[in-house]
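Beneath this line is the structure, given in C-alpha cells, with notes to follow.
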C-alpha cells in the first residue's frame, strides 16, 4: 500500500516539476526570481545608450547641414553675366577659408540649371581660393543642391532703415489719475 502511494506521489511531483520548467524556460539555466526581478526593475536603462546615440547622430547631421548652408556660395555671390565672384562672394570665401574652424573650411557652390554655369562658378571659386589658402592644402569646393535662402542686401537695408525711421518715439504713458501708492 505504501509503494503505490509513493509511486503516485513521485509521479505527481515529476509531472509538476516538468510543468513548472515548461512554463519558465529559463529555470533550467539557473535563472531565478531575484534575477528576473532585478532585470525588470532596471528595464529602461539598457535602452538609454541606444536612444542617446540616435539623438546624437541626428544632431551631427543638423550641424553638418548648418555648416553647409553657412558656407554656401549662392546666386548673390556671383555676377550674372560672367559667373565671377562678386565682392560679397570674395569676402565670404575669404572668411570661410581663413576664419572658419579647420574641419569646416569647405566651400559649397550652389548648382544652377546649366552644368556649364555651375562649372564656371566652381572654377571662379577655385581660382580665388588658390590665392587665399595659407596652410598649403587646396581648398575643398563641392557642388550642392542646397538653395540659398536670402534677399539682396539693398532690400534688407531698406527694410531695417525703414523700420528705424518709422519707429515711434519712446514716451511714458500718460497719467490716468489712479492711485500710485503715495
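The values are calculated or read from the model by the stated rules, or taken from the named source; none is laboratory data. A quick note: this is a predicted structure, and the numbers were derived from the prediction, not measured. Positions of Cβ are generated from backbone atoms using ideal geometry, with glycine treated the same way; all protein chains shown enter the neighbour counts.
Among the residues of the range 136-154, the ones that are surrounded by 10 or more Cβ atoms within 10 Å (Cβ to Cβ) and either modelled with pLDDT under 85 or in a loop (DSSP other than H, G, I, E, B) (or both) come to 9 in all. Out of 103, 120, one residue alone is closer than 18 Å to residue 144 by Cβ and either in contact with a helix residue (DSSP H, G or I) (Cβ under 6 Å, 6 or more places away or on another chain) or modelled with pLDDT of 90 or more (or both). It is 120.
Residues are listed down the side, and each one gets a yes or a no for (1) buried (at least 16 other Cβ atoms within 10 Å of the Cβ); (2) closer than 21 Å to residue 152 by Cα; (3) under 21 Å from the mean Cα position of the chain (by Cα):
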residue	(1), (2), (3)
39	no, no, no
50	no, no, yes
72	yes, yes, yes
83	yes, yes, no
129	yes, no, no
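Being assigned to a loop (DSSP other than H, G, I, E, B), buried (at least 16 other Cβ atoms within 10 Å of the Cβ) and free of Cβ contacts under 8 Å to residues at least 40 places away in the same chain: is that true of residue 112 here? So residue 112 passes the test. Selection over the range 70-83 of residues that are touching a strand residue (DSSP E or B) at 6+ places or on another chain (Cβ under 8 Å) and in a helix (DSSP H, G or I) gives a count of 2.
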